[in-house]
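I have placed the structure first, in the form of structure tokens, so that the comments after it can refer back to it.
The values are calculated or read from the model by the stated rules, or taken from the named source; none is laboratory data. Computed from a predicted structure; not experimentally measured. Counting neighbours? That spans all protein chains shown, and the Cβs are built from the backbone with ideal geometry, glycine included. We work out accessible area using only protein heavy atoms, side chains counted, and drop any ligands, DNA or RNA first. Shrake-Rupley method; radii C 1.70, N 1.55, O 1.52, S 1.80 Å.
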Amino acid sequence: RFSRMFKEKVQEIGSTFVEKYKEVHKDKKEVILIDMFLLFSFLTGVVQFVYLIIAGQYPYNSFCAGFFSALGVFVSTACLRMQVVSPEDFDNIPKERAFADFVVFNVFLHFVVIMFMG
């Protein structure tokens, strides 16, 4: 009985969230794309952490590199989203400049990740 009520509440919260999200971001396709990439990078980190728990930590440097790569991509994408959604908080920089900063940071991040893996 409790599990059914819990499942119904979770479905209700999820459907309300999706409706409100679509209502707020209906004309902002780039924000939706950025949010999908945020979800992807978050789930990549979760899968890597679950794999570490299940399979062990033998190639620990590889796990750290992959996990911090996912974490770094998530954080830089969140920063990109903030700059795209409210550019007035960032001296009105254009979206192209924000994306260029995102790309340069990710190139540098993955260079460090590759060096860390050895």
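So here's what we get for this one:
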read-out: Residue check, F67 open to solvent by less than 100 Å² (accessible area, probe 1.4 Å), in a helix (DSSP H, G or I), touching a helix residue (DSSP H, G or I) at 6+ places or on another chain (Cβ under 8 Å) and of a type in the set (F, W, Y); value: yes
read-out: Some residue of the range 14-24 being surrounded by 10 or more Cβ atoms within 10 Å (Cβ to Cβ), small (G, A, S) and modelled with pLDDT of 90 or more; value: yes
read-out: Near pairs, Cβ below 7 angstrom, 6+ apart or cross-chain, from the range 91-118 (within 22 Å of S62 (Cβ to Cβ)) to any residue that is assigned to a helix (DSSP H, G or I) and open to solvent by 90 Å² or more (accessible area, probe 1.4 Å); value: V113/F68
read-out: Test: residue in the range 63-77 that is under 25 Å from D27 (Cβ atoms) and polar (S, T, N, Q); value: yes
read-out: Those residues of the range 41-98 which are farther than 21 Å from V113 by Cα and among the small types (G, A, S), in sequence order; value: A55, S86, A98
